[in-house]
Structure formats: C-alpha cells, structure tokens
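Following: one structure in structure tokens, then a few remarks.
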Amino acid sequence: MSLFQSYSNEPISQLRQTIRQSLSAYDQAQLDHLLDLIVIKTIARQLQPAVRTQVLSMYRADATRLSAWLDEHHPALRMAITEALTRILLTFTVE
Amino acid sequence: MNFTTHLQSVLSQTQVEVNQLWPEIAPYIPVVSDVSVITEPIKSKSLDKDAVRISQEERSQLLVHLRSIAALPAGQFDEASASGLAHAITYTIGTEVRFTVDDDQLAFSHGVVRSLTAAEATNRLWTVDPAQRGTRVPSNQALDWSVCVSPRELLPTVRQQWQPPWFLYQPILVINLRSMQAVSGQISGILTDRLNRYQFGASSKIIQATSLWSPGAQGRMLVCFLSSTITPGTRFNLQTPLAIKS
C-alpha cells in the first residue's frame, strides 16, 4: 500500500479517481508516486530533523504503520498532509 | 502543456524539493520504472542483514543519544522517547527490541550496575509455573547471563509468598552506555539493594562481555527487552553493523 493511501479521505479519493480515468498505466503510477512524495515533503517540512530520523527508521520498517505512529505523536500532521494532497490533486483538475 | 508533461514537471520539482529537505529518505523511496512497475527500494520489511545497514548519520545520532543517557540520573523513558530509541536500536543490531512488555515497564531502563554474587546470579527465588508469561525456567547456562532488576513496588518481606514478577526470565539486551558494547541476557531476579544506589545487578559474564567496569563506563547501562529469542551471551557492537556471536 502506498504511503499516501493512509491519508486518503473521500475528497482525495474522488479527485484521484477522476484524474486517473484519463491516464495511462504509467502516468497513473507516476501520479501515485507524486502523492507519496507530497506526503514525504509535508513530513519533512513539519518535523524536526531528530524526529525525521525516527520516522525514517519506521518508514524503512513498515510504511503502513508509519501513519499510525504519526497520528499518535504528531496529530496535526494528518491535516497538513491531507491538505497538501488535496491541493496537488486540484492542480491537475483545474483547466 | 499536456497532462503528462505537467505531471512530469510537478513530479520532478517535488522530487528536488524532497531531496533538499530530507536527503536521507531519498534512497528508500520507491521509483516508477518505464514499464509501470514499482521498483522496491533498498528498505527491507523484515529484519535481515540489509536492515542493519543503518545510515551512518542515524547510527551517530543513536550513539550520541545513548551517551547522553549515561549522563542522566538513573531512570525510565517516556513513551515517545522509548519508542524512538527502540526503533533506532532495532535497526542498529538487526533484532527488535522494546522497553515494555504488554505495557509493563521496568522501574529503571538505565542506571548503574553492580556485580551479582554467584549465589545471587543462580538463586531461583520462586517455584515457577511454566504456563505463566515470562517464566520459562532457564538453564544454568542462561543464568550465566543473568541480570537482576529493581522492583517497581515495595515487596512483601516473605519471599516465598511472592508471585513471580512479570519480567522474570524475559530476554533482554544490556548496553554499555560508554563503550556501546551490548550482550543478550535474561532477567533472573530482583535486586534488593536499599537506597537504590544500584538499579541493576549483573552476572560476571555480562559485566565482562560489555566491559561495564572499564575506565569511564562507571557501570552505566541500559536494558531493553528482546522480542525474539537470542542465545544468551550474543554480543553486539552498536558502533558497527555486525553482530558478534558469543
């Protein structure tokens, strides 16, 4: 499971599905890759370097459990990530 | 600009930003190949030999953290600190460690150790029911690598009436907070020292294997639980990525 899917809510899911409909398989994979990068970029911007080291260890161990740990120790991060994901998806839907 | 071009442009820009903000994570992010197959990154899901290739920066940060703990009074970690430290040690030695067992925590996770007498190291204070958690009766060899810990609460005066504590015979890792030498062992009993001058008692083999009384070490050690069974006496050097077998 991709990292961004841990933060996917209804609006994000609908936006992603709408965009994917017109994409090739490769572009679909690229879009998901971009969403993962957005999650990582948001984490990098929000967390101190010492905490990022812990996050990196957990990401390497099991990325699917990372979101649960972040929700417990840095609850504000979820909103920041979902906002960032929504913004980037909207840039691909505005004509 | 068509969609694909726009996507590639945003993707490239975001990749650059991630590399600038957090270069350490870059090698572990999956990449998309030309055939739409996600290529798995270097990271390992299981703790195999690749997992002990912790980055030099992560290892350095862990060593600095452990040395800072040596300067603190004996004590216990809060949940967040314990979680982060456990993860870092796990990736350093390639074996999962933790500071709690089923939400139970020792009175001290770091402190000063004294030597156990031979009688203390081998004395079995309770008749243990093997069906109880953490009460595997150890072999005499396992008792060679034994550690006694301070109890969290005051104990009854009649030992024979005690219930075996939850941590009895739990496999542990003992880390010398100065030399970063570590060895696996087992909690074998309770330290009954008054005034909490010492938080741990360790058998002579553990003290020798980790050089706990070498100049500068001053007996400062850290204890964490091992999630998997490791032969007691297995040694680790946290400054290198390899485990040293006993």
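Counting only protein heavy atoms, probe 1.4 Å: which residues of region A:41-64 lose 20 Å² or more of accessible surface in the full assembly compared with their chain by itself? For region A:41-64, once contacts with the other chains are taken into account, A:Lys41, A:Ala44, A:Arg45, A:Arg52, A:Thr53, A:Gln54, A:Leu56, A:Ser57, A:Met58, A:Tyr59, A:Arg60, A:Ala61 lose 20 Å² or more.
The mean count of C-beta atoms from other chains within 10 Å of the C-beta of residues in B:20-29, rounded to a whole number, is 5. Entry comment: accessible area of chain A is 47 Å² per residue, from protein heavy atoms only and a probe of 1.4 Å. Mean per-residue shielding of peptide A:75-88 is 0, counting Cβ atoms of other chains within 10 Å of each Cβ. Coupling constants for region A:34-43 follow from the phi torsions by the Karplus curve (6.51 cos²θ - 1.76 cosθ + 1.60, θ = phi - 60°), and in residue order they are 4, 4, 4, 5, 4, 4, 5, 5, 5, 4 Hz; glycine and proline get x.
With a ≥ b ≥ c taken as the square roots of the eigenvalues of the C-alpha gyration tensor of chain A, please select rounded if a/c is under 1.5 and otherwise prolate if a/b is larger than b/c or oblate if it is not?
Taking the square roots of the gyration eigenvalues as a ≥ b ≥ c, chain A is prolate.
The values are calculated or read from the model by the stated rules, or taken from the named source; none is laboratory data. Not measured: the values here are computed from a predicted model. Methodologically, a virtual Cβ is constructed for each residue, glycine included, from the backbone with ideal geometry; neighbour enumeration extends over all protein chains shown. For the accessible areas, the whole protein counts, side chains as well, though only heavy atoms, and no ligand, DNA or RNA atoms are used. Shrake-Rupley method; radii C 1.70, N 1.55, O 1.52, S 1.80 Å.
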